Structure formats: C-alpha cells, structure tokens
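A.B. asks: I'd like to ask you about the structure that follows.
The values are calculated or read from the model by the stated rules, or taken from the named source; none is laboratory data. All figures in this text were calculated on a predicted structure; none of them were measured in a lab. A quick note on method: Cβ atoms are made from the backbone with ideal geometry, for glycine too, and the neighbour counts reach across all protein chains shown.
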Amino acid sequence: MQPNTRLNKDDCDKNPAPDFHRCDCGIVGSLGYLVTMTRPDLAWAYSELSKYVQFQPKNHILAAEHILYYLRGTWNQTICDSRDSHKNPNVLWGWVDANWAGDTDTRRSHTGYILMMNGAPIFWESRRLDNLSLSTSKAKFVAASQPGQELIYLRETLTDFGFSQTKATLLYEDNFACVAMSENPVRRKFSRHIDIRKYYVRELVLAGILKLMPLRTNKMVADALTKSLPSPAFVRHCQIMTGHASFAARLLRCVGGQFLALTLGAAFFLIFRSCLFFSRLLFCVRGF
C-alpha cells in the first residue's frame with residue numbers, strides 16, 4: 001500500500017453494488033491465500049483490507065488495486081532458505097513490533113512479528129491487538145507475548161524433529177523500555193491485562209525460552225507488518241524477511257552501546273539531582 005495510507009470505516013458504503021462487492025471479496029480472499037503461504041510482505045495490507053470487506057468504499061478498492069500492481073511487479077518473489085550458508089543452522093529467532101494506536105477506528109495497536117530459521121520466515125502474523133494500550137512500551141510488551149506463545153510450540157516441534165533449541169530464542173525489539181520490563185523484577189502500576197502479559201513474558205525470559213534484544217527502529221523488519229512504509233524501507237525489509245538479504249546482526253553493537261549510554265546517563269542524572277537536593281538541604285540547615 002502507499003505510504004501513510006490509513007483506511008477507516010467512515011468511508012464505507014453501507015449499500016455497495018453486488019458486482020463491486022463480489023470483486024472486492026475476491027481480491028481480499030486471494031490476498032489471504034498468498035499471505036498464509038509465501039508472502040509475509042502482504043500481511044499488513046491484507047489485515048487492513050479484511051477489516052472492511054463487508055462494506056468497501058471506492059478508495060479501499062484503489063488500495064487493493066495498488067496491491068495488485070505490486071504483485072504484478074513481484075510475481076517471482078520467493079522465500080529463500082540459506083541453511084547451508086547460515087552460521088547457526090536450525091536456530092529460531094525473529095522480530096516483533098507494534099504500532100501504538102495504529103487503528104484509527106478503535107485506537108487499538110497493531111502488532112506484527114516474524115519468526116525466522118535458516119534465514120527464511122517460518123511463521124508470521126499481522127493483527128490488531130484485542131485491548132487498548134496507554135503507551136508505546138505497553139503496546140509493544142503485549143505484542144511480545146504473542147510470538148512467545150508460538151515459540152513454545154515451535155521449540156517443542158523442533159525438539160521432536162531432533163533440532164533442540166539449547167539457548168533462549170532471540171526476539172529483536174526496538175523499544176528499550178519493553179526490553180527492560182522483560183528482565184526487571186520490580187512491580188509497576190499496570191492495568192490487569194498488561195500485568196498478566198508482563199509476567200508471562202518474564203516467565204519465558206527466566207525459563208530461558210525467550211530473550212528480547214534491543215534494536216534500532218530503522219532496522220526493525222517487523223515494522224513492515226504494522227504500517228505502510230516508504231518504498232525504500234519496505235523493499236529493504238522485504239528482502240530481509242524473505243531471506244534474499246542477510247540481517248546484519250553486527251549493527252546491534254552500537255545499539256547495545258547506546259542502551260548502555262542511556263542507562264549510565266540516567267544514573268548520572270539521578271546522582272546529580274540527589275547531590276543538588278542535599279546541597280540545598282545543607283544550605284538551608286546552615287542558614288538556620
């Protein structure tokens with residue numbers, strides 16, 4: 001879909017023409033088949049169109065035709081498995097992301113995640129969250145719990161096939177607060193649904209099943225499953241998620257340094273504020 005495209009129910013036609021409605025349902029149904037089988041790059045577009053399949057306005061049909069033009073230009077795009085050239089064969093990893101309040105009708109967040117193995121995607125999903133989130137970090141934390149459920153099933157399945165996952169599955173996340181909450185045992189004032197998700201993800205982290213890793217937003221491949229992106233970013237993410245381009249994990253070193261710098265900066269700021277407070281307190285005591 002075109003960048004910054006937002007579909008909403010206010011444009012919907014309550015009485016669409018039968019031929020018009022039949023054509024639209026055929027397009028959305030065909031896209032659903034492609035998304036389920038081999039085209040994770042169409043997951044967000046299909047999710048948006050399927051929300052209004054009952055009453056589709058003409059501008060939604062224009063968005064569907066734009067997707068068909070994209071399919072015509074990428075009809076030969078496939079999923080590439082690079083197990084022979086991969087450094088860690090048969091190891092699960094992935095990305096997870098969420099677009100906070102991305103749904104303009106309900107203001108619910110939209111989440112997307114991709115699970116990879118041997119350089120190719122084996123499971124992906126793009127959907128709207130069931131609950132409202134009051135901040136970006138909470139929306140991303142709820143989103144991180146969904147691939148955690150799939151990871152338990154996939155890890156057990158791989159174990160049955162003789163490919164046991166001996167280490168925690170790395171799941172890249174571009175929100176530092178979400179990464180910190182997955183490992184920080186301090187209780188926060190969350191609402192009930194956030195609190196349940198929080199402890200579920202934390203149990204997966206403590207059990208060695210899941211580990212959230214910080215990642216820069218411009219390197220977040222799952223971002224293509226949560227919103228419409230500009231063409232250069234979308235094409236770059238599609239090449240990586242389908243296995244035609246490698247994911248440069250070495251780029252995460254600067255992210256780790258940035259995360260450490262932010263942590264140290266916050267610590268020095270707190271120390272500075274404490275020293276300033278005690279100096280003022282001492283000045284007041286001496287004044288009396």
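A.B. asks: Mind checking which residues of segment 163-173 are surrounded by 22 or more Cβ atoms within 10 Å (Cβ to Cβ) and over 13 Å from Leu204 (Cα atoms)?
C.D. replies: If the condition is that a residue be surrounded by 22 or more Cβ atoms within 10 Å (Cβ to Cβ) and over 13 Å from Leu204 (Cα atoms), then Tyr172, Glu173 are the ones that fit.
A.B. asks: Now a separate question. Can you report the number of residues in segment 198-227 which are polar (S, T, N, Q) and either surrounded by fewer than 21 Cβ atoms within 10 Å (Cβ to Cβ) or free of Cβ contacts under 8 Å to residues at least 60 places away in the same chain (or both)?
C.D. replies: Result for segment 198-227: 2.
A.B. asks: Next question, about the same structure. Can you find even one residue in segment 58-81 that is of a type in the set (Asp, Glu), within 18 Å of Leu225 (Cβ to Cβ) and either out of contact with any Cys (no Cβ under 6 Å at 6 or more places or on another chain) or in a helix (DSSP H, G or I) (or both)?
C.D. replies: no
A.B. asks: Follow-up. Filter segment 146-161 for residues that are out of contact with any Ser or Thr (no Cβ under 8 Å at 6 or more places or on another chain) and surrounded by fewer than 21 Cβ atoms within 10 Å (Cβ to Cβ) and give the result.
C.D. replies: Gln149, Glu150, Ile152, Tyr153, Leu154, Glu156, Thr157, Thr159, Asp160, Phe161
A.B. asks: OK, next. Can you name the condition, by its number, that Ala45 falls short on among (1) surrounded by 20 or more Cβ atoms within 10 Å (Cβ to Cβ); (2) among the small types (Gly, Ala, Ser); (3) under 30 Å from Ala168 (Cβ atoms)?
C.D. replies: (3)
A.B. asks: Take His110 and decide whether it is within 22 Å of Leu171 (Cα to Cα) and modelled with pLDDT under 85.
C.D. replies: No, not satisfied.
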